[in-house]
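The values are calculated or read from the model by the stated rules, or taken from the named source; none is laboratory data. Owing to the predicted nature of the structure, the values given are computational and were not obtained by experimental measurement. Backbone-built Cβ (ideal geometry, glycine too); neighbour counts: all protein chains shown. Note: areas computed on protein heavy atoms with side chains; ligands, DNA, RNA excluded. Shrake-Rupley method; radii C 1.70, N 1.55, O 1.52, S 1.80 Å.
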Number of protein chains: 2
Amino acid sequence: MTEKGTADENTIFVGSKPPMSYVLAVVTQFNGGTNQVQIKARGRAISRAVDTAEIVRNRFVTDSKIKDIVIGTEAITNEEGRTSNVSSIEIILVTK
Amino acid sequence: MTEKGTADENTIFVGSKPPMSYVLAVVTQFNGGTNQVQIKARGRAISRAVDTAEIVRNRFVTDSKIKDIVIGTEAITNEEGRTSNVSSIEIILVTK
């Protein structure tokens, strides 16, 4: 298994579902034996990504902590071919 | 001027206005001579705080960089006396 493969498997993309859907996905990853999970989101889902990390950390995997938080800007092209910028976040959670 | 006083003055609280309002506030702080600005938000305004930091960094104060990002959970009591948790973010931008 390559390093990239591992990173992809342990990455949860947060979208428009309720936060608990993503919390469950993160907890499942940790219970499967991994010690690092990346939580990624773009645009308005960013606040849900923060909710997800906080709920996991405070309620479900209390020995986990935030290793790093990275924010950035991504260019998105819509159906009409126009490009717009959207903010992104990546929260890296690790267990000790 | 106390250290706390300085920190409060250089903190921008992001709410429900358009991101450019907060971008202007941050840029004004940097133009006033400070070299550190904290951008804070709670709940759904978190994604707007990330937008604010990214727009400042990419378009207006291009020599600024992100020093640290901290996320947390705050307890909020509503009018009926019920307590609920809300996620928070603090993005610290500095100029070199």
Quiz item: With chain B treated as a Gaussian network of Cα nodes joined by springs under 10 Å, which of B:GLY72, B:GLY43, B:GLY81 yields the largest mean-square fluctuation?
Solution: B:GLY81
Quiz item: Given the options A:THR62, A:THR83, A:THR73, which has the most mean-square fluctuation in a GNM of chain A, springs set between C-alpha atoms less than 10 angstrom apart?
Solution: A:THR83
Quiz prompt | Within chain B, longest stretch free of exposed GluC sites (Glu not before Pro) [DSSP loop, at most 13 other beta carbons within 10 Å] | solution = B:1-78
Quiz item: Over the Cα atoms of segment A:1-81, Rg to Rh with Kirkwood Rh, two decimal places?
Solution: 1.00
Exercise. Count the DSSP beta bridges whose two residues both fall in the protein assembly as shown, then state the antiparallel fraction as a percent rounded to the nearest 5.
Key: 85
Quiz item: Can you count the Lys pairs in chain B whose Cα atoms are under 23 Å apart, with each pair 8 or more apart or on different chains?
Solution: 10
Practice problem: Compute the Rg/Rh shape ratio of the protein assembly as shown: radius of gyration over Kirkwood radius, all on alpha-carbon atoms. | Solution: 0.99
Quiz prompt | Solvent exposure ordering (accessible area, 1.4 Å, most first) of B:PHE13, A:PHE60, A:PHE30 | solution = B:PHE13, A:PHE60, A:PHE30
Exercise. Would you compute, from DSSP H runs of 4+ residues alone, the mean residue ellipticity of chain A at 222 nm, taking -39500 (n - 2.57) per run and dividing by the full residue count, rounded to the nearest 500?
Key: -9000 deg cm²/dmol
Quiz item: Summed for both chains, how many Å² of accessible area, to the nearest 100, are buried between B and A with a 1.4 Å probe?
Solution: 1300
Self-check item: For chain A, built as a Gaussian network whose Cα springs stay under 10 Å, the top-fluctuating residue of A:ILE55, A:ILE66, A:ILE76
Solution: A:ILE76
Quiz item: Heavy-atom accessible area per residue, the protein assembly as shown, 1.4 Å probe: how many Å²?
Solution: 59
Quiz item: Expressed as a whole percentage, what fraction of the accessible surface of chain B belongs to carbon and sulfur atoms when a 1.4 Å probe is rolled over the protein heavy atoms?
Solution: 47
Self-check item: Cα long-axis angle, helix A:46-55 against chain A (0 to 90 degrees, to the nearest 10)
Solution: 10
